[in-house]
Structure formats: C-alpha cells, structure tokens
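Structure first, then comments.
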C-alpha cells in the first residue's frame, strides 16, 4: 500500500512569488491535513480537507490556501512568498479523522524562500 | 489554550539502555487521545504509540510504552533496549478542538550512543 506522497521534495522560490505543493494521500483516506514545521515555531496546523471541503483552518494568513480534489489529492498554495515562509511543509492523511485516528505523514516539501 | 509541553529539548541514551521522554498537556476534555510520533532524519513522521484517555492501562508497542498519569496530565514515553535506529525527534501530540488538527509539542531530539 503506497504511503502519502508529497511533491516536490525540495523547492527554492524568490520573495513575492507563489508556490503550489501537492499531496497524494493513502488510497481510501479522505482527510488531508497540512502542517508547517519550522525550528522556531515547531509544527503548526495549517488546514484540513475532507471530501473536497475545508473543515478546519489554523491561524495562518490568507496567503495560505488549499484545495482537495475528488480523488482526495490535495494542493496547498502560498502566494506572495515571504522569507518567513521557509519551512518544511508536511501533509498527513487519515481515513475519517475521528480524533483517535492515526495520521500518516508524507516526507514533506522543503521550501526555501530567498 | 490547548498546549502540549515537552520539557527536554535533547536527550541521550546508551544503546540497549532505557530512556524516558516527558510530555505534559492541557485539556478540558474528559476523553481524548494522546500520541507519540517519531521523526527520523528522513523527515517522515511515524506514529509510535497511541493512548486513549479513558483506558486505565498504559499503552505498549514492543519496546515502547507510556506512563499515562491522567490527573497530572502527564504522558511520558519509555523506550527500552534502545537501538541506533531509535535516534530521531520525538513529538508528543494530541488532537486539537477540531478534527484533523493535531497539536504538537516542540519535540525531543533523542541521540543513541553505540
């Protein structure tokens, strides 16, 4: 069974640009969550999608957005990139997200903004 | 605010020895889940162990076990017979108020000495 796949693995962008990250969840999983990981702030929740609908959103500016497709694949977009957006972006999928469900994580996309 | 606190930024253990990683949390709920995730240098987060709060018995997964003290809101992870492959960042986590949202501690970096 294939795991959670995130593409690309590494990305370098310039301030002011926009970027799109992709996440393919485990087959059958309908929930996809996104997290930002930085040395200073640790792991912070961005948003969660379930059956193509954003169910929850963390405390991030509107420059961070996402969507989910009918096949459960998800994308997140960051517009007008800032240096502080440099981080590891992790995607996690789970079957139903009852609060005890295990979240399966991808290897992340390392975004560097220069 | 719902928080998860890991007070040990770094820990070290000798191969084959036992180490305990600490975690405390804040919650107003009576039933909830707690998790320990491992993040090796490959960056992929892996669930190590899960505990449901209403269960009195501490969870155990092979060499990994927890000491869950509900009244004290403490959830420590014990690794027995430590192996070189146990070297990683370990994160304590609990579900946030909404589904699909995990709140993580800052993590403990575990080194294993041969």
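List of remarks:
- Virtual paramagnetic centre 7 Å along Cα→Cβ of residue A:22, amide N under 17 Å, in segment A:45-66: A:66
- Relative contact order of segment B:10-114, taken over Cα pairs closer than 8 Å and 6 or more residues apart, is 36 percent.
- Separation between Cα centres of segment B:2-30 and segment A:38-54, rounded to whole Å: 23 Å
- Cα shape, segment A:65-105, gyration tensor, a/c 1.5 rule: oblate
- Per residue, the average separation of C-alpha pairs within less than 8 Å and at least 6 apart gives segment B:26-68 a relative contact order of 31 percent.
- If R0 equals 22 Å, the separation of the Cβ atoms of residue A:83 and residue A:9 corresponds to a calculated FRET efficiency of about 0.60.
- Separation of the residue B:72 and residue A:70 label points, Cα + 7 Å toward Cβ, nm: 5.4 nm
- Normalising the Debye intensity of chain B to I(0), with uniform scatterers on Cα atoms only, and taking log10 at q = 0.11, 0.15, 0.19 Å⁻¹ returns -0.32, -0.60, -0.96.
- Put in order of Cβ neighbour count within 10 Å, fewest first, the listed residues B:89, B:45 become B:89, B:45.
- Normalised contact order of chain A, rounded percent, pairs of Cα under 8 Å and 6 or more residues apart: 36 percent
Computed from the coordinates by the stated procedures, all read-outs in this text should not be read as laboratory data. All values derive from a computational prediction rather than experimental measurement. Quick reminder, even Gly has a Cβ in these numbers, built from the backbone with ideal geometry, and neighbours come from all protein chains shown.
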